[in-house]
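Colleague: Take a look at this one; I'll ask things after.
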Amino acid sequence: MKQKLYITGVTGFTILFLAWWFCLPNPLFSDPFCTVVSDQSGQLLNARIAADQQWRFAPIDSVPFKFATALITFEDRRFYTHFGVDIRAMARAIRSNLLAEGKKSGASTLTMQLMRMSRKKVSRSFWQKLIETAWALRAEWRFSKDELLRLYASHAPFGGNVVGLEAASWRYYHKPAHALTWSESAVLAVLPNAPGLIYPGRNPDALRQKRNYLLLRLYEKGYLDRETYELSLLENVPGPTMALPDLAPHLTDQLIQQNAGGRSLTTTLNGNLQAEVQRGLNRYITTLSRNHIHNGAVLVADVASGEVLVYCGNTTERENEYGEQNNMIVTPRSSGSILKPFLFAQMVQNRQLTPWQIVPDIPTQIGGFAPRNFDEQYSGAVKADAALAASLNIPAVRMLREYGVPSFHYDLQKLGFSTITQSPGHYGLSLILGGAETKLWDLVNAYREIPLVLSRDKNVNRTDGIHVLRNDEYAEKPQWNLHAGVAWSVTEALSEVKRPLIDVNWLTFSSSRKVSWKTGTSLGLRDAWAVGYDSGFVVGVWVGNASGEGRPGLTGLQAAAPLLFDIFNKLPNRPALPRPGLYIQAVDICIESGMRAGRHCGNIESKDIPLPALETVACTFCVPVQLDASGRYRVHKLCYVPSESREEKRFVLPPLQEWYYRRNHPEYRGLPPWLPECNESASGSVMQLIYPTTTARVLVPREVDGNLESIVLKAAHRNAEAIIYWHLNDQYLGATSGLHHLEVSPEPGNYDLTLVDDKGAVVKETLTVVVGR
């Protein structure tokens, strides 16, 4: 019988012990937390309320000394010596409650209160008290005292829907917990005792009385000197809760969309710079709103580390009246001409041109695509770097046709442009002029590669792309093996871009930083882009309307560039990008053509050229010309005595390029006319059709009265005094001199167009006239 009782007792004790040993849930709290976003120094930028609508920040790493001291002094002065239950306090409470006629005295330790918090809303019966005591005893075995204190500070109620010390510190004092004063710490220490009865904004006199009582105890225990005690008494108790900082709302929303919500996230942002740039963006868009331009975005990244320092996804002053909640940093928009530097770089790197090589800038129609420059002017021929600096469209289209749309499409994908998802044929040649969409994030990520290649900083992060979180899984680096010499050429070309008028005197200041930058404007004036970089930073700006509405003046130069340079003025100066001496080489360059000098080039200069461009072809525009004794006419051996002729080296452009080039280059000589006794039969060398182009399909619209409108035929001739005779299907149309424009009204159909000059040179083309609707 005794043995049976013994076994029963041991079994019962074992069961009770195991029940007690495993009584605590793991984890102790499973409450959702706020999404809290901080800058690189820990400064709070933004917070979003937790899923249960409580302001509850993630558990803190350590409890500030002032708060811990105030809390223990007020709630549980023997916290560090008891084992979860304070026997002396319990005995005192029993004696006090037996003698008291109304007021009850409690003996709950901080550990017991913590257990009650973890069990949520349960009755405060004797049985529940017994469970809390058992849990408290077990918690003291499982957690250290510091861990228990951290759990308490992280989950204690502080009135209303404010939970935890860090949330309370920001909601009541707008500062982090480690910055609290003794008075502020005392206020927060007394709140968990009765959070439903006394909290900031409710019963302020009772709250002040409790705080002052606690301050007195802290003074008596020697934690405060007399001066600190008296000054603390003079501090006001807080009023209703304060709004939390709202410095990076679009980034916060983006992180939540990337499944990073419910966590405390330390970003790479610079909080002070973020606030300053956001204010500047808000002011700038407020000014542009007079022209009904309502949205803008700014992204600033550190070149060396790839860390994003500023992330302003839109303006923040209005309540989504004009789509301000849209994050325009990650919203695809038409790229305009912002991708041109990458084409320039690829063609130089692939040995297809030198940085200064001339490219055609003439009226162009390729199939049904007829690009135009923004100013609708033509230069005839322009150097590639100058075309890039001036953002000329026609040279860019012609360069892309030579380079190949599929190749450039592949390059952009390797550069990390996530919106290039259609086939090359879908975009065609418009890919370089805004036919594709891009994101500001992708642009800044790609442009960073240029100064990154030139950087000699040993701490450069060459493995990750730009990122806003350290060890960010989304920080994908562009796969672009850019040659340092080519990067230098791009940088030099983009540093020659004329700055906006507001910064017109920048060259007069020797201290002005050298910024390489590019703008872009989408078709219909819907998107304005500006991206710039120096050795330290890359800055991207987008300005427009989230709705897609176009506005006059919504161009990269007028709308985005001023903001770009305003931001650069806020950034610390950095040294100029280093010249990559090992990756460039001095070589003779033809001054006129910009190509490697050939044996017929007369004007030559030595320039530093990227090593890949050493393999480009030599100049093809400079040719030897045989002249008569006077030097005024061309001759050849069949019509002129060779011994009396002389040879000159001339820079010669094709007729159409020459016709436009001569207007802006009065020094251009080209080819002189033939001596009257000498007749050149090769017409293509003297005369060229401007419009329509080869095998063109000409669309003729109908006027309101139903009649067909006229079309204007255009041609160019080397000889300014030449006469061109026009024929359509062998029917004579007329003659032109000087400006070779001829207005005709053909019926729909196929035609053979023939041009004959007064020297007998002939040009023939076919065209198809169709009626437009």
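Colleague: Taking the Cα-to-Cβ direction at Leu216 and at Glu667 and moving 7 Å from each Cα, how far apart do the two end points lie in nm?
Modeller: Roughly 9.3 nm, to one decimal.
Colleague: With r defined as the distance between the Cβ atoms of Tyr80 and Asn193 and R0 fixed at 25 Å, what FRET efficiency is calculated, to the nearest 0.05?
Modeller: About 0.80, to the nearest 0.05.
Colleague: Give the accessible surface of the chain per residue, rounded to a whole number of Å², with probe radius 1.4 Å and ligands, DNA and RNA excluded.
Modeller: Numbers: 36870 Å² over 773 residues.
Dividing the accessible area of the chain by its residue count gives 48 Å².
Colleague: What are the radius of gyration and Dmax of the stretch 180-268, computed over its Cα atoms and given in Å?
Modeller: Answer for the stretch 180-268, Rg first and Dmax second: 18.1, 52 Å.
Colleague: So what does the Cα-only Debye profile of the stretch 621-678 read at q = 0.15, 0.17, 0.21 Å⁻¹, as log10 I(q)/I(0), no solvent term?
Modeller: Ignoring solvent entirely, the Cα scatterers give -0.46, -0.58, -0.80.
Colleague: If packing is taken as the mean number of other Cβ atoms within 10 Å per residue, what is the order of 209-220, 166-177, highest first?
Modeller: Working: 209-220: 18.4, 166-177: 22.5.
Result, highest mean first: 166-177, 209-220.
Colleague: Counting only protein chains, not ligands or nucleic acids, how are Trp141, Trp55 ordered by accessible area (probe 1.4 Å), most first?
Modeller: Values: Trp141 180, Trp55 40 Å².
Of Trp141, Trp55, the descending order of accessible area is Trp141, Trp55.
Colleague: What distance in nm separates the two pseudo spin-label positions at Tyr691 and Asn26, each 7 Å out from Cα along the beta-carbon direction?
Modeller: 8.1 nm
Colleague: Can you give the Rg to Rh ratio of the stretch 222-307, both from alpha-carbon atoms, with Rh computed by the Kirkwood formula?
Modeller: Here Rg/Rh amounts to 1.18.
Colleague: Between Glu235 and Ala260, what length comes free when the chain is fully extended (0.36 nm per residue of separation minus the Cα-Cα distance, one decimal in nm)?
Modeller: Details: separation 25, 0.36 × 25 = 9.00 nm, distance 3.87 nm.
Additional length available on full extension: 5.1 nm.
Colleague: Where does the chain land at 222 nm, in deg cm²/dmol rounded to the nearest 500, when only DSSP H runs of n ≥ 4 count, each adding -39500 (n - 2.57), divided by all residues? Present the calculation step by step, with values, prior to reporting the outcome.
Modeller: Numbers: 22 runs with 236 residues, N = 773.
Result for the chain, helices only: -9000 deg cm²/dmol.
Colleague: Size of the dipole of the chain about the Cα centre, Lys and Arg at +1 and Asp and Glu at -1 on the beta carbon, nothing else charged, in debye to 20?
Modeller: Details: 80 positive and 74 negative charges, 836 e Å.
Here the size comes out at about 4020 debye.
Colleague: Shifting gears a bit: For the stretch 358-381 and the stretch 47-78, what is the separation of their C-alpha centers, rounded to whole Å?
Modeller: 68 Å
Colleague: What ranking, highest mean first, results for peptides 329-337, 531-539 when packing means the other Cβ atoms within 10 Å averaged over each residue? Each step should come with its number before you reach the end.
Modeller: On the way: 329-337: 21.8, 531-539: 24.4.
The peptides rank, most packed first, as 531-539, 329-337.
Colleague: Over the stretch 687-772, what percent of the accessible surface lies on carbon and sulfur atoms, probe 1.4 Å? Display every interim value, and only then the final one.
Modeller: Numbers: 2150 of 4540 Å².
After summing per-atom areas, the C and S share lands at 47 percent.
Colleague: Further question: Tally the DSSP beta bridges in the stretch 621-678 and give the antiparallel ones as a percent, rounded to 5.
Modeller: Details: 7 of 8 bridges.
Looking only at bridges with both residues in the stretch 621-678, the antiparallel portion is about 90 percent.
Colleague: Once fully extended, how much extra length lies between Leu130 and Thr14, figured as 0.36 nm per residue of separation less the alpha-carbon to alpha-carbon distance?
Modeller: Details: separation 116, 0.36 × 116 = 41.76 nm, distance 1.90 nm.
The Leu130-Thr14 span can extend by a further 39.9 nm.
Colleague: Same structure, new question: Tally the DSSP beta bridges in the chain and give the antiparallel ones as a percent, rounded to 5. Present the calculation step by step, with values, prior to reporting the outcome.
Modeller: Numbers: 82 of 95 bridges.
The antiparallel proportion sits near 85 percent.
Colleague: What is the spin-label model distance, in nm, from Val762 to Leu638 if the labels are put 7 Å beyond Cα along the C-beta direction?
Modeller: If labels sit at Val762 and Leu638, their model points lie 1.6 nm apart.
Colleague: Across 10 Å bins from 0, what is the distribution of all Cα-Cα pair distances for the stretch 687-772, in whole percents?
Modeller: 17, 51, 25, 6, 0
Colleague: Next up: Along each of the three principal axes of the Cα atoms of the chain, give the extent in whole Å, ordering the values from largest to smallest.
Modeller: That gives 139, 65, 64 Å along the principal axes, largest extent first.
Colleague: Loop-only trypsin sites (Lys or Arg not before Pro) in the stretch 597-632, please: DSSP not H, G, I, E or B, and at most 13 other Cβ atoms within 10 Å. If you can, show how the numbers build up before the last one.
Modeller: Numbers: sites: Arg599, Lys607, Arg632; in loops: Arg599, Arg632.
In loop regions of the stretch 597-632 (DSSP not H, G, I, E or B), the sparsely surrounded trypsin sites (Lys or Arg not before Pro) are Arg599, Arg632.
The values are calculated or read from the model by the stated rules, or taken from the named source; none is laboratory data. A quick note: this is a predicted structure, and the numbers were derived from the prediction, not measured. Positions of Cβ are backbone-derived with ideal geometry, glycine not excepted, and every protein chain shown enters the neighbour counts. These accessible areas exclude ligands, DNA and RNA; they are computed on the full protein's heavy atoms, side chains included. Shrake-Rupley method; radii C 1.70, N 1.55, O 1.52, S 1.80 Å.
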